[in-house]
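Report on the structure given below.
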Amino acid sequence: MRRVRFLNGVRTVGGVQFVVQDGPCGLVCDVGVVGNPAIVRREALFNPLLPPRSDLVLMDYLRAGMAPLVEGLYDPALLTDSISGLTAPLRRPGRLLEDHPLVDDVDPNQLAVFVSHLHEDHMQLLPFLAPGLPVFVSPPTARFHAALVAAGVLPSTRARLIPLAPGSVERFGGLQIEVVPVDHDVPGSAGVLVTTRGGRLAYTGDWRLHGCHPEEVTGFAARCRGVDVLVTEASTAVAPDAPATALPNLTERELVERFADLVVEAEAGVYCSFHERNLERQAAIRRAARAAGRVLVLSRRTYAIWHAAAEQGFEDLALGPDVAVWATDGDPAADRYQVPSDAPIVTSRQVAADAAAFVCEIRRYDRPLLLELGAGHDDLYVYLNGYPHGPADPGWEVLMTWVRRLGLRFVGLSSHGHALPDALRWLVEEIRPAVVVPVHTNAPECFPPVTVPVCPVRRGEALPLQVSAGAEVGS
């Protein structure tokens, strides 16, 4: 039995979970949770507006169908019963989990995980995995995970992260696993090439061609050419009549250049929000502030991430006097974040006295600082992705209300992390798989036209892995 079975994320943007099996050996690909109500309106029971119960997070996710039902995947100390027992009432005909497959034919001693990158919709279940469970990642992902744990942003995991450098191959039971870098908007993003005794599968994770490192994607395409099954994220595959829910997309270079120009031209305060895990963009924001003679002021959470990331070798984030932290922080979890005692501190009074000397991060918890500062029509607010997640997010109108009421000048600059339709088409034609399976999309049937078969799948569906010409796998 050599197959790939799809568990989640086949009709949602995010939350991809599938398992590649060779007999009793299985590799679960990605363990994230999709819960953003801006993107998944009719699927997720839990989201930031209604989080799972704090002492029963894993069991709530399992019963809600948001976590894969794989026996042996999770820390037994967090469960009161087997996965089968916990979910049995909901797996009966006509119940919520009727179409959620229970994976109970993989030997827990031959079970492993691949995590493509450190966005919640791909790794949020990592802290709940079984002790010692092998989790294959790229080396930068392993370092960035260590940084996020040290910063107090992520809980640790009892699973065992195994970094696989490009070009190295890990034999695991009947599988050969190779982690292959791609370009996304978080450090260490990678796809995976899995070779079984029955065929080869490539999974992209999240990727884009308009980012900083398109050469990573061309390298992925070359390495995975001719696979039997290509599983690719297809976030931008949308129905023709779907309403526009995103800002115009720029290349990463265009976004950075436009932001730098805005900072130079600004005569008063510059406030911005961005994704906390997009380290390359944050480094570019820092460079723009420094070039304009301004100090970059970060939230306590972001400063803690920078400090820990620099300790893990992300050199562009090495801290200095040009980066400071807000003296006050409205984040209810602010005390968890590990900020060094000698970090330069900036108060709202200092910014109010000379706003043109700073570029200030404003997370949603920090917006009351805009009132303290007396921010108004001569000040600029620049949205650079992150929260809220575009105009479809319920939080977008809240942000727009702040902008309107204060009279701020607003500029939205977006370079998202997902492949555009032309890039999806290019990748498929470059790899030439026997079949392509779109995931991480609300509309897999709207995948752009290509010259190989496209196979939208349903939750629970399994595809066999056929033998490719020239594929060689050891026993």
Unmet requirement for Leu96, which otherwise passes all of (1) more than 22 Å from the chain's Cα centre (by Cα); (2) outside any strand (DSSP E or B); (3) buried (at least 20 other Cβ atoms within 10 Å of the Cβ); (4) not small (Gly, Ala, Ser): (3)
Residue within region 344-365 that is open to solvent by 40 Å² or more (accessible area, probe 1.4 Å), of a type in the set (Asp, Glu), closer than 30 Å to His184 by Cβ and in contact (Cβ under 8 Å) with a residue 24 or more places away in the chain present: no
Candidates Leu175, Leu148, Leu161, filtered to the one that is free of Cβ contacts under 8 Å to residues at least 60 places away in the same chain and out of contact with any Phe, Trp or Tyr (no Cβ under 7 Å at 6 or more places or on another chain): Leu161
Per-region count, region 308-332, residues over 26 Å from Thr141 (Cα atoms) and open to solvent by 50 Å² or more (accessible area, probe 1.4 Å): 4
Residue that is nearest to Gly313 (Cα to Cα), among those in region 105-117 that are assigned to a helix (DSSP H, G or I) and touching a Gly at 6+ places or on another chain (Cβ under 6 Å): Gln110
Residue list for region 434-456, restricted to those being assigned to a loop (DSSP other than H, G, I, E, B), surrounded by 18 or more Cβ atoms within 10 Å (Cβ to Cβ) and among the β-branched types (Val, Ile, Thr): Thr441
Single unsatisfied condition, His377 versus (1) in contact with a Gly (Cβ under 8 Å, 6 or more places away or on another chain); (2) farther than 27 Å from Val263 by Cα; (3) free of Cβ contacts under 8 Å to residues at least 60 places away in the same chain: (2)
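Yes/no matrix, rows are residues, columns are (1) in contact (Cβ under 8 Å) with a residue 60 or more places away in the chain; (2) within 27 Å of Asp393 (Cα to Cα); (3) among the basic types (Lys, Arg); (4) surrounded by fewer than 21 Cβ atoms within 10 Å (Cβ to Cβ):
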position: Val264; (1), (2), (3), (4): no, no, no, yes
position: Glu267; (1), (2), (3), (4): yes, no, no, yes
position: Cys272; (1), (2), (3), (4): yes, yes, no, no
position: Arg290; (1), (2), (3), (4): no, no, yes, yes
position: Gly293; (1), (2), (3), (4): yes, no, no, yes
position: Tyr303; (1), (2), (3), (4): no, yes, no, no
position: Trp306; (1), (2), (3), (4): no, yes, no, no
Failed condition for Val10, given (1) open to solvent by 50 Å² or more (accessible area, probe 1.4 Å); (2) more than 23 Å from Leu161 (Cβ to Cβ): (1)
Inter-residue pairs, beta-carbon under 9 Å, first under 28 Å from Pro139 (Cβ atoms) and in region 97-122, second among the basic types (Lys, Arg) and not in a strand (DSSP E or B), 6+ apart: His117/Arg277; Leu118/Arg277; His119/Arg277
Residues of region 118-140 classified as part of a loop (DSSP other than H, G, I, E, B), crowded, with 19+ Cβ neighbours inside 10 Å and in contact with a strand residue (DSSP E or B) (Cβ under 7 Å, 6 or more places away or on another chain), total: 3
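With respect to Leu420, is the statement that it is under 30 Å from Leu279 (Cβ atoms), of a type in the set (A, V, I, L, M) and open to solvent by 40 Å² or more (accessible area, probe 1.4 Å) true?
Details: under 30 Å from Leu279 (Cβ atoms): yes; of a type in the set (A, V, I, L, M): yes; open to solvent by 40 Å² or more (accessible area, probe 1.4 Å): yes.
Yes, satisfied.
The values are calculated or read from the model by the stated rules, or taken from the named source; none is laboratory data. Everything numeric in this text was worked out from a predicted model, so none of it was measured. In this analysis, Cβ positions are derived from the backbone assuming ideal geometry, glycine residues included, and neighbour counts consider all displayed protein chains. Only protein heavy atoms, including side chains, enter the accessible area calculation; ligands, DNA and RNA are left aside. Shrake-Rupley method; radii C 1.70, N 1.55, O 1.52, S 1.80 Å.
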